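One structure is given here, and the rest of the page talks about it.
The values are calculated or read from the model by the stated rules, or taken from the named source; none is laboratory data. Please read all numbers here as calculations on a predicted model, not as lab measurements. Cβ placement follows ideal geometry from the backbone for every residue including glycine, while neighbour counts extend to all protein chains displayed. The area values use the complete protein model at the heavy-atom level, side chains included, leaving out ligands, DNA and RNA. Shrake-Rupley method; radii C 1.70, N 1.55, O 1.52, S 1.80 Å.
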Amino acid sequence: MAAITVFGGTTEGRILAEAFGDTSLELFVCVATSYGASLLPKCKNINIHTGRMDVQEMRDFLLSHTSDCCLDATHPYAQDVTKNIKEACKEAGILYVRIFREEGAHQEKEQGIYYKKDLRQAIKFLKKQEGNILITTGSRDLEAYTQIPNYEERCIARVLPGIEVLQKCESLGFHGKHVIAMQGPFGEDFNYWMLKETKASWLVTKNSGRTGGYEEKCAAAIRAGVGVVVIGRQEKETKEAMDVLEAIEWVKKRYNLAIDEKWLDDLKKRQIYLIGMGPGNPKMMTILAKEALENSDAVIGAGRVLQIWEEDTKKPKYNCYKKEDIFDILNDHPEYQKISIVYSGDLGFYSGARGMKELFPDANVHMISGIASPVAFLNELGIPWSEVFLTSCHGKHQNLLSLIQEHRYVCSLLGSENTVKDTCEQLIACKMTDVNVVLGEKISYPEENVTRGNPKDFLSIKYDPLSIVLFENPRVQKEVKGFGKKDTSFIRGKVPMTKEEVRTILLSKLHLRKDSILYDVGAGTGSVSIEAAQKCKDGMVYGIEKKEEAIHLLHKNKKKFGVSNFKIIEGEASEQIDILPRPTHAFLGGTGGKMMAIIEKIREKNKDTRFCITSVTLETLKQLEILQKKFPEYETMEIIQIQVSRAETMGKYHLMKAQNPVWIASFGGKEDE
């Protein structure tokens, strides 16, 4: 079996190890630290040496392991290490190949970029310049910058956020705002912002290639009108130099290796892992999730989810969950080729992972499933989750009352400390006190707590907002399809009510959806509002009414039918519409002669609102004609007339008693509605 040695500790070194792992080649990988060793794949043919070596030790290592060639994948600025490796290979008579990072595109001839052979020349040059200096060359040679006149006020050191590093900065006179402790490299926009914030006239950098963020620094400096001092490499790359992809192809051909072509194609793409972390207990993470995290260059997610992964690692971790923030991080860090983005529970259950795959079309996005919290909760309770209606109130409105009325079991993620209390109050108001309630807090954690009871037991209980609740309804109502509740089912008074037959037709003409937002102007007894609310389970109905007697009836009927997504708005419609959310639909049953003004108010909120208007007077029909002329899109307005007769018993006869004819006008809305 042929053998080669790789000196790594860099991204390139890790990629070479991944390429040649599980092949017929025996691979010896040398890294300086245990952390570098932890990033390498665990394969039978890979032998890892941890620790620094001098020339003699390197030569002995190469000879003792009969290496055929040596690949130097150390950092571009590890000049002493590279020099030692080359010398060791020469003494051992072993072929030396340098793995290099592709140089940035900015050349010396470009305006504002000054190449200096070494740090000494750079300092000599900067002594003669004016203005603030942003130093991005690390903390190792920071002492040299103290030679610059007034350096305490002019120089800003951007360094790694380590305690020893910060102590060194302090001892050299770099204090407060003159120290920026952050993990890099950074993208062009971030560098540009930092140059502006520090009011820098100069930026000092090393040309560590694109992986090291050099290209982004130069682009930001040119954009900001800031001069760049580049401390150039001390020697040119040798003719034996190759980039990492070239090296893989060269080794593959030289040793006739079988390397997965798909893996090679994927190597050219960024790998993004969307990971479901489970309910919270690290022991409930999947093996695939752990492997992806261990092999990632960086991990991104909400703070509480990041804490699930208990590994003590130096990998960069970013506490954020918004898509735009995640996109910016990945854009600012092109050196991260394997990134894990972590989410609680499972990716397919109300997860923030939705839409992430489309956000990175040029990357390979891998979806790794986790155990959803409700599934773990229901398994503990011994209830098959296939029999449960699963939903979430986390970050969204959910009409739990309606779901409980229709399903035996409803299980929901919570997002507010009042969700259970509010729902239990609604259950009590609807005389559904026999519903069983089970609240689960910190599911899967050692401090897990499960509380059981009826709605009255949960009116004053305080709990963790990020909990789970299960409702069991022993008296499930069968869902009524369509419209047409009997007039006698509503609590009546002297307030006019839209009759059953008219109500059925106008609700059909409204084309309501499950998530519609409806204004019921002149809500009266609430017959239209209540039937609409039962249809729009994920939406909301606003019943607008100004008459005191009608408002009283609205509250009574709302309580009787137990509709939580029906809000009663007291006052003039023309005044109240301004404070209401954007509607999708509107029913105008009583406008007090202000129909045109009300329609225009609603159109200001949404010109695509779907309208339905009932009328019993010719004057209203005239207003509809004016409306068509004012808004050309309403030329196709549909107007129908309905006249209902009801049979009444008179002795042994049944006579048809006619009700007033009613016109129903419907118009507006989008074509797909």
Among (1) within 24 Å of the chain's Cα centre (by Cα); (2) at pLDDT 95 or above, the one test that HIS397 misses: (2)
Residue list for the range 444-461, restricted to those being among the polar types (S, T, N, Q), open to solvent by 60 Å² or more (accessible area, probe 1.4 Å) and under 31 Å from the mean Cα position of the chain (by Cα): ASN449
Residue count for the range 477-491, restricted to those that are in a loop (DSSP other than H, G, I, E, B) and loosely packed, with under 13 Cβ neighbours inside 10 Å: 6
Which numbered condition LYS42 fails, given (1) in contact (Cβ under 8 Å) with a residue 60 or more places away in the chain; (2) assigned to a loop (DSSP other than H, G, I, E, B): (1)
Lone qualifier among GLY131, GLY162, GLY138 - being over 18 Å from GLY213 (Cβ atoms) and under 37 Å from the mean Cα position of the chain (by Cα): GLY162
Whichever residue in the range 309-338 is over 19 Å from ASN295 (Cα atoms) and aromatic (Phe, Trp, Tyr) and, among such residues, is least open to solvent (accessible area, probe 1.4 Å): PHE327
So GLY276, is it touching a residue at least 12 places away in the same chain (Cβ under 8 Å), at positive phi and not acidic (Asp, Glu): no
Residue list for the range 405-431, restricted to those being farther than 20 Å from LEU466 by Cα and assigned to a loop (DSSP other than H, G, I, E, B): HIS407, ARG408, CYS430, LYS431
Candidate set from the range 114-133 (those that are charged (D, E, K, R) and closer than 23 Å to VAL179 by Cβ); member that is most open to solvent (accessible area, probe 1.4 Å): GLU130
Boolean, PRO474 is under 28 Å from the mean Cα position of the chain (by Cα) and surrounded by fewer than 18 Cβ atoms within 10 Å (Cβ to Cβ): no
Any hit, the range 270-278, residues being in a helix (DSSP H, G or I) and among the basic types (Lys, Arg): no
Filter result (out of contact with any helix residue (DSSP H, G or I) (no Cβ under 7 Å at 6 or more places or on another chain) and among the polar types (S, T, N, Q)) within the range 1-36: THR10, THR11, THR23, SER24, THR33, SER34
Candidates LEU413, LEU403, filtered to the one that is under 19 Å from GLN534 (Cβ atoms) and within 28 Å of the chain's Cα centre (by Cα): LEU403
Residues (of a type in the set (Gly, Ala, Ser) and either open to solvent by 100 Å² or more (accessible area, probe 1.4 Å) or closer than 23 Å to MET497 by Cα (or both)) located in the range 616-660: SER645, ALA647, ALA658
Among residues of the range 633-658, those that are closer than 18 Å to ILE613 by Cα and not aliphatic (A, V, I, L, M), counted: 7
Of all residues in the range 48-77 being in a loop (DSSP other than H, G, I, E, B) and closer than 18 Å to ALA37 by Cα, the one that is most open to solvent (accessible area, probe 1.4 Å): ARG52
Options GLY543, GLY593, GLY589, GLY493: the member that is at positive phi and of a type outside the set (S, T, N, Q): GLY593
Selection count where residues are part of a strand (DSSP E or B) and at pLDDT 90 or above, scope the range 320-350: 6
Condition broken by VAL495, with the remaining ones in (1) closer than 27 Å to GLU575 by Cα; (2) within 44 Å of the chain's Cα centre (by Cα) satisfied: (2)
All positions within the range 355-380 that are buried (at least 17 other Cβ atoms within 10 Å of the Cβ) and assigned to a helix (DSSP H, G or I): MET356, SER373, PRO374, VAL375, ALA376, PHE377, LEU378
Residues (modelled with pLDDT under 85 and open to solvent by less than 40 Å² (accessible area, probe 1.4 Å)) located in the range 95-113: ARG101, GLY104, HIS106, GLY112, ILE113
Condition met for ILE577 (buried (at least 16 other Cβ atoms within 10 Å of the Cβ), part of a helix (DSSP H, G or I) and without any contact (Cβ under 8 Å) to a residue 40 or more places away in the chain): no
Single residue of THR609, THR591, THR636, THR614 found to be free of Cβ contacts under 8 Å to residues at least 40 places away in the same chain and of a type in the set (S, T, N, Q): THR636
Number of the exception - LEU39 against (1) surrounded by fewer than 17 Cβ atoms within 10 Å (Cβ to Cβ); (2) touching a helix residue (DSSP H, G or I) at 6+ places or on another chain (Cβ under 9 Å): (1)
Residue that is nearest to PRO474 (Cα to Cα), among those in the range 339-354 that are in contact with a helix residue (DSSP H, G or I) (Cβ under 8 Å, 6 or more places away or on another chain) and open to solvent by less than 30 Å² (accessible area, probe 1.4 Å): GLY345
Selection count where residues are aromatic (Phe, Trp, Tyr) and buried (at least 17 other Cβ atoms within 10 Å of the Cβ), scope the range 256-304: 1
